[in-house]
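One structure is given below, encoded as structure tokens.
The values are calculated or read from the model by the stated rules, or taken from the named source; none is laboratory data. Remember, predicted model here, so these are calculated numbers, not experimental data. Counting neighbours? That spans all protein chains shown, and the Cβs are built from the backbone with ideal geometry, glycine included. The accessibility values were calculated without ligands, DNA or RNA, using every heavy atom of the protein model including side chains. Shrake-Rupley method; radii C 1.70, N 1.55, O 1.52, S 1.80 Å.
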Amino acid sequence: MSDFIVSSWDFSSGTAQQHDLKPVHIKKGNWFHCQRDGEGGREWLAQNQIPEAIIDSLLADDTRPRFEQFSDDCFLIILRSINMNEGSDPDDMMSLRILWFNGAMISTRKVPSKAVSTLIEKLETGEGPKDLPSLLMGMFSGVNEIISDFLDPVEDTIDELDDESTITPQELNQLYSRLLRLRRYLKPQGYAFDDLINARLPVLKQQKNHVKNCLDTISRINESIEFYIDQINLYQASLNQKQSEVMNRNTYLFSVVAGIFLPAGFFTGLLGVNIGGMPGINNPLAFTAFCIALLVVIALEVLLLKRMRFI
């Protein structure tokens, strides 16, 4: 089998039969799962009369989720899923491109997709889908299930956001950035499913309810992501408000204290000048009287501030 073909199956007989030899021609009822950057893939697609523009979409390095219909029996849907491969960053969402072409189906990947790998494992044990439309629905459901499972611990973290939360600001910012990245790709993914439903494709007539369920699932996921983002914003706003209140209270207290001791500082500074004529220089009780006078001034200031409701 060619380097660019990861797995190939024939569903034309009503059961899934794996190809033993390299498939040369794309035939109705066949599914080809291909490595997007594999050698010879573009040439093989071109040999099977697939238009150049569609080939570019199948093999492009970076694309956003979308649905494109070329005819009743030819359409392209591009999805994004969580990268669950070992050592990979989940934020680096992987792309799964699926082309329905004259009764055959071609999917391309750059890194392995858990949704597709699970389907292949089921096919190898004889428990997988029996036709191409069911296989396509299995891919849709698998992608949504992976995203839902990924968001489960996120929901637990959001539920724990309160005054006693142990999550650090760095962890919260990382979670916030991750949710923004998910929203960037999953929002147009909902539009892709919606466009697929509105296309009313004859080949997916029996799967209409399944596609609607997939749309409902991705809509719920998007609503959950929006809710999580709003909760984080609310939590951060609450933290900022509390910090501002503490800073304002401390600043106010320092201002009151400084105001109370301002006259005392003035008098001590005035009596500290080193010039002649200062009163009480020769009186041994002058310092005591001065301290008592300062205390009386401070007491009068405190009473005045209380009367004016500054403290």
By average Cβ neighbour count within 10 Å, what is the ranking of 116-123, 173-180 from highest down?
116-123, 173-180
Describe numerically, in nm with one decimal, the distance between label points set 7 Å from Cα along Cα→Cβ at residue 70 and at residue 49.
1.2
Inter-label distance for residue 39 and residue 110, nm, one decimal - labels placed 7 Å from Cα along Cα-to-Cβ
2.1
Magnitude of the Cβ-charge dipole (Lys and Arg +1, Asp and Glu -1) of the chain about the Cα centre, nearest 20 debye, reported as 1000
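P(r) tail for the stretch 29-136, what percent of Cα pairs lie past 18 Å?
Numbers: 2894 of 5778 pairs.
Summing the P(r) of the stretch 29-136 above 18 Å gives 50 percent of all pairs.
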For the chain, what is the largest minus smallest coordinate of the Cα atoms on each principal axis, given in angstrom and ordered from greatest to least?
119, 38, 34
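Between residue 227 and residue 206, what FRET efficiency comes out of the Förster formula 1/(1 + (r/R0)^6) with R0 = 51 Å and r the beta carbon distance, rounded to 0.05? Walk me through the numbers on the way to the answer.
Details: r = 34 Å, r/R0 = 0.67.
Step by step, r from the Cβ atoms, then E = 0.90.
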Cβ-Cβ cut-off under 11 Å around residue 193, Lys and Arg +1, Asp and Glu -1: the net charge is -1
Summarise the accessible area of the chain (1.4 Å probe, protein heavy atoms) by the percent that is carbon and sulfur.
54
If only Cα atoms are counted, what is the Rg of the stretch 119-269, and what is its Dmax, in Å?
26.9, 97
Amide H within-cut-off set for residue 36, under 5 Å, with H built and near neighbours excluded
109, 110
Along the stretch 190-196, what does the Karplus equation 6.51 cos²θ - 1.76 cosθ + 1.60 (θ = phi - 60°) give for ³J(HN,Hα), rounded to whole Hz, x for Gly and Pro?
x, 5, 5, 5, 5, 5, 5
Apply the Karplus curve 6.51 cos²θ - 1.76 cosθ + 1.60, θ = phi - 60°, to the phi angles in the stretch 200-216 and return the couplings in whole Hz, x for Gly and Pro.
6, 5, x, 5, 10, 4, 6, 9, 4, 5, 5, 5, 4, 5, 5, 5, 4
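Residue separation times 0.36 nm, minus the C-alpha to C-alpha distance between residue 309 and residue 160: what's the value?
On the way: separation 149, 0.36 × 149 = 53.64 nm, distance 3.97 nm.
Once the chain is fully extended between residue 309 and residue 160, it gains 49.7 nm.
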Using alpha-carbon positions, what is the distance between the centroids of the stretch 39-74 and the stretch 94-121, in Å?
13
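Divide by every residue of the chain the summed helix terms, -39500 (n - 2.57) for each DSSP H run of at least 4, and state the resulting mean residue ellipticity at 222 nm, rounded to the nearest 500 deg cm²/dmol. The partial results should precede the final answer.
Numbers: 7 runs with 171 residues, N = 311.
Computed ellipticity for the chain at 222 nm equals -19500 deg cm²/dmol.
Return the FRET efficiency for the residue pair residue 243, residue 292: r is the Cβ-Cβ distance, R0 is 41 Å, and the value is rounded to the nearest 0.05.
The pair residue 243/residue 292 has a calculated efficiency of 0.45.
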Under the Karplus curve 6.51 cos²θ - 1.76 cosθ + 1.60, θ = phi - 60°, whole-Hz ³J(HN,Hα) for the stretch 283-289, x wherever Gly or Pro sits
9, x, 9, 5, 5, 4, 5
